[in-house]
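J.: Below you will find the structure I want to go over with you.
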Amino acid sequence: MAKGEGGGAVNPMWGGRFTGPPSEVMARINPSIGFDRRLAAEDIRGSKAHAAMLVRQGILTAADGAAIAQGLDRVGAEIAEGRFAFRRELEDIHMNVEARLAELIGEAAGRLHTARSRNDQIATDLRLWLRATIDDTDAELASLQAALLDQAERHAATVMPGFTHLQPAQAVTFGHHLLAYVEMFGRDRGRLADCRGRLNECPLGAAALAGTSFPIDRGMTAAALGFDRPMANSMDAVSDRDFVVEFLAAAALAATHLSRLSEEIVIWSGPQFGFVRIPDALSAGSSIMPQKRNPAAAELVRGKTGRVVGALVAVLTMLKGLALTYANDMQEDKEPLFDAADTLRLGLAATTAMVAGLEAMPDAMRAACERGFLGATDLADWLVREAGLPFRRAHHAVGRVVRLAEERGLNLEHVPLAEAQAIEPAITALGLAATAIERSVAARTSFGGTAPAEVARMVSAARRRFLGSPP
Ligand code: ARG
C-alpha cells in the first residue's frame, strides 16, 4: 500500500478508485472518529437491525447474518470495555466498526454495507443518540422542577419583593417566584417532546440518497430501532438535520432559562440582597480576598449558555447553503450537538443542586419589602374599590402619598392619616392598612396570583401536571 505524507495508506474502503493516500492536511481535516466514536453503540445497533433485515429479505444468508451479528457484538464489547483501537485513517465510526468486523469475521463483513450508505447510517445513528439524550434531559428537567416545587411549597407564604426593571414592584411570595421557573422548564420539556416526536422516523434504507434496488424492508428496520416509521423521502432522509436544529433551539432556550435563574441566584445571594444562601459545596472562595464566597456554580451555568446558543447558530449556518442531499459539511453537526447536550445536562445538574440546597432568608426578604413602597398599588386599588375613584386619579394621588412617605422616611402604612387625606380625602385608615405586606400578598387571589393559598394550589397542580403525582 502506498504511504502518504500523512503517514497513512490508501483507504481500504475505497482504495479501488484511488492511487494515493490523503495528504497530511487531509488526514487532519477529514476524520470524524475523534468525536463520532461516541455513536458506537447506536452504529452497532443500526448495523445489527440492517443485517437482520437483509437476512429476512433473502439478501444475506443466515450464516453470514449470524457471523455479522456475533462479530458486531464483539466489536461493541471491545469499544465498551475500552479495548478498541480507533484508527483515524478509517475516518469515522462506521468504517472503524466495519474494518474491525472484517478482522474478526472475514469476508462476510463486506456484505453488511449492502443496500445502505454512510449517509443513511449517520443520520440513523444521530437520531438514535439524540432520542436517548432527549429522554435523559427530560428526566433531568423533571428533577429540577421537583426541586423547585419542594422549595415553592416550603415558601408558599414567604414574602419577598417582586421586581420589574429590577426595581421593587409589588410584594410576592418566594414560592410564587420559583413556580415561574417550573412553568418555563415545563415548556422546555414540551419543546423537547415535540422535537422527539418529529425526529422519530428512520432514515435507514435511504442508502446514499436515492434508495436501493435491493428488496429491503424499511418498515422492519424502523420498527426494530424503535422508530415510528421509515422516513418518506430518501433524499430528505439523508440531508435532513432539522432534528439537530430543533433540539439545539430547545436546548438554547432551556439554557437561557437556567441562565436567568442563575442570574437571580447571583443577585439574591449577594450581601446587598441577602435573600438566599448557596451551600458552601456550590460556592468558591477567592485566592486573595479571604472574606469572599462567590456563587461560582451559578455564574458558570449562566456563562455556559453562550456555548449552547453558539451551537444552534453554528449548525444553522452550516446547513443554510447546502444543496440536497448529503455534504461533508454535515459532519460539523456533531461537535456542537454533543457539546450543547452535555452543557445543558451539566447546567441542569448544577442548578438542581443549587435549588435543592438554597437556604432562603425570610427576614431579609421581608425587610426588603418594607423598603420600596410595595403596597402603593394596593392603596390605589383600594381607592378604586372602596371609594369609586377612577384608577388613573387614584394612581396620581397615591404617587403623591409615596413622595410624602419618602420625604418622611416612612412606609405607606405609617403615613399620618391627616396628611394622606390632605392629598386625597377618600383615603382612610383602612386604605393605608391595605398596604401592609402580608395583606397585599394575601389579597392577590386571582388565578395564578401570588396569594399563599393560590401558590399552594399551584404547587399541587404543577406536581400533577409535570410530575404525574396523584391529585
Ligand atoms: N462522518 C460522516 C458524518 O459525520 C458520516 C457520513 C459520511 N458520508 C460520506 N459520504 N462521506 O457526516
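The values are calculated or read from the model by the stated rules, or taken from the named source; none is laboratory data. Predicted, not measured: the structure shown is a model, and the values here were computed from it. FYI the Cβ positions are ideal-geometry reconstructions off the backbone, even for glycines, and counts take in every protein chain you see. Only protein heavy atoms, including side chains, enter the accessible area calculation; ligands, DNA and RNA are left aside. Shrake-Rupley method; radii C 1.70, N 1.55, O 1.52, S 1.80 Å.
J.: Given the -39500 (n - 2.57) contribution per DSSP H run of 4+ residues, what per-residue ellipticity at 222 nm results for the chain, rounded to the nearest 500 deg cm²/dmol?
T.: Mean residue ellipticity, 222 nm, calculated: -20000 deg cm²/dmol.
J.: What's the magnitude of the charge dipole for the chain around its Cα centre, counting Lys and Arg as +1 and Asp and Glu as -1 at the beta-carbon? Answer in Debye, nearest 20.
T.: Roughly 320 debye, rounded to the nearest 20.
J.: Hey, another quick one. Report the antiparallel proportion of the DSSP beta bridges in the chain as a percent, rounded to a multiple of 5.
T.: Of all bridge pairs located within the chain, approximately 85 percent are antiparallel.
J.: In degrees between 0 and 90, to the nearest 10, how far off the longest principal axis of the chain does helix 296-319 point, with axes built from Cα atoms?
T.: Long axis of 296-319 versus the principal axis of the chain: about 50 degrees.
J.: Computed from the mean reciprocal separation of all distinct C-alpha pairs, what Kirkwood hydrodynamic radius does the chain have, in Å? Spell out each step's value before the answer.
T.: On the way: mean 1/r = 0.0376 Å⁻¹.
Every distinct Cα pair counted, the radius reaches 26.6 Å.
J.: How much of the accessible area of region 23-176, probe 1.4 Å, is carbon plus sulfur, in whole percent?
T.: Whole-percent figure for carbon plus sulfur exposure: 50.
J.: Related question: Sort 98-104, 150-156, 123-129 by the packing proxy (mean of other Cβ within 10 Å over each peptide's residues), most packed first.
T.: Sorting 98-104, 150-156, 123-129 by mean packing, highest first, produces 123-129, 150-156, 98-104.
J.: Taking the dipole about the Cα centre of region 27-108, with the C-beta of Lys and Arg at +1 and of Asp and Glu at -1, give me whichever of ILE105, VAL75, THR61 is farthest to the positive side.
T.: Of ILE105, VAL75, THR61, it is VAL75.
J.: About the Cα centre of region 5-74, what is the dipole size in debye to 20, counting +1 per Lys and Arg Cβ and -1 per Asp and Glu Cβ, all else neutral?
T.: Working: 8 positive and 7 negative charges, 38 e Å.
In debye, rounded to 20, region 5-74 gives about 180.
J.: Let me spell out the model: positive unit charges on the Cβ of Lys and Arg, negative unit charges on the Cβ of Asp and Glu, origin at the Cα centre of region 390-433. What dipole size does that give, in debye rounded to 20?
T.: Dipole size: approximately 200 debye.
J.: Hey, another quick one. For region 128-154 and region 210-236, what is the centre-to-centre distance using only Cα atoms, to the nearest Å?
T.: If you average the Cα positions of each part, the centres end up 32 Å apart.
J.: On each of the three principal axes of the Cα atoms of region 385-427, give max minus min coordinate, whole Å, ordered largest first.
T.: 29, 17, 15
J.: Right, next: Can you grab the distance from the C-alpha centre of region 238-288 to the C-alpha centre of region 42-115, Å, no decimals?
T.: Taking the Cα centre of region 42-115 as reference, the centre of region 238-288 is 42 Å away.
J.: Could you list the residues of region 172-192 with an amide nitrogen less than 19 Å from a label point located 7 Å from the Cα of ARG154 in the Cα-to-C-beta direction?
T.: 173-183
J.: Between SER287 and TRP14, what is 0.36 nm times their sequence separation minus the Cα-Cα distance? Round to one decimal in nm.
T.: 92.6 nm
J.: So, one more: For region 215-257, which whole percent of the accessible surface, found with a 1.4 angstrom probe, sits on carbon and sulfur atoms?
T.: The value for region 215-257 is 55 percent carbon and sulfur by accessible area.
J.: While we're looking at this one, here's another question. Could you state the accessible area per residue of the chain in Å², with a 1.4 Å probe and every protein chain left in place?
T.: Working: 21720 Å² over 471 residues.
Per-residue accessible area for the chain comes out at 46 Å².
J.: Report relative contact order for region 1-80 in percent, whole number only (criteria: Cα-Cα under 8 Å, sequence separation at least 6).
T.: 20
J.: Any idea what the relative contact order of region 89-239 is, in percent, if you count C-alpha pairs under 8 Å spaced at least 6 apart? Spell out each step's value before the answer.
T.: On the way: 171 pairs, mean separation 39.1, N = 151.
Here the relative contact order equals 26 percent.
J.: Where the accessible area of region 261-418 is counted over protein heavy atoms with a 1.4 Å probe, how much of it, in %, is carbon and sulfur?
T.: 56
J.: At 7 Å along Cα-to-Cβ for each site, give me the label-to-label distance between PHE163 and GLU332 in nm.
T.: 3.9
J.: Let me know the Kirkwood hydrodynamic radius for region 1-124, please, with Cα pairs as the basis and the value in Å to one decimal. Before the final figure, lay out each step's value.
T.: Working: mean 1/r = 0.0663 Å⁻¹.
Here the Kirkwood hydrodynamic radius works out to 15.1 Å.
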